[in-house]
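Peer 1: If you scroll down you'll find the structure; I have some questions about it.
The values are calculated or read from the model by the stated rules, or taken from the named source; none is laboratory data. Every value quoted in this text rests on a predicted model; they were computed, and no experiment measured them. Positions of Cβ are backbone-derived with ideal geometry, glycine not excepted, and every protein chain shown enters the neighbour counts.
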Amino acid sequence: MPSRGEMAGQDWNTVSFGQKGGGGQSNAASVKQAQRTGGAIETSKRQGGGGNSMATSSGISHAKLDNETEELKHATVDKDLRLAIQKGRTAKGLTQKQLAQQLNMQPQVINEYESGKAIPNNAVIAKIERALGCKLPRAKK
């Protein structure tokens, strides 16, 4: 047992917080050095590393979503519906803005349906049918 005046087991080295000192190489720097010199590099795959994998709730990675073109597009308005709305509206002599005001909608909604950018909604199509007085092709479910 140490005597009372002795501080055995104490670490009296200076500890500094903040910027890194030039004491050693960082992990990335040591890997680059090993690659340059042809040294051995050990790698291992971690199971569930940080828990923040780059996958969406549907299980598809963000890179796949960015690269995807056809499969993940949402349904848009068919050409038949676009033309039917345009013909019905012009037959009544209405502008897109006037038709939207009759239906209490934003003019942008009518514009999106006529340009084919909208996601088809059968309730909106039914409203447009009643306002124009003509039958429009419905969206498939």
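Peer 1: From the residues in the stretch 15-40 that are in a loop (DSSP other than H, G, I, E, B) and surrounded by 10 or more Cβ atoms within 10 Å (Cβ to Cβ), which one is modelled with the highest pLDDT?
Peer 2: Only one residue tops the list, namely GLY39.
Peer 1: Restricting to the stretch 87-133, and then to whatever is in a loop (DSSP other than H, G, I, E, B) and of a type in the set (Lys, Arg), can you tell me which residue is nearest to the chain's Cα centre (by Cα)?
Peer 2: Taking the candidates together, the pick is LYS117.
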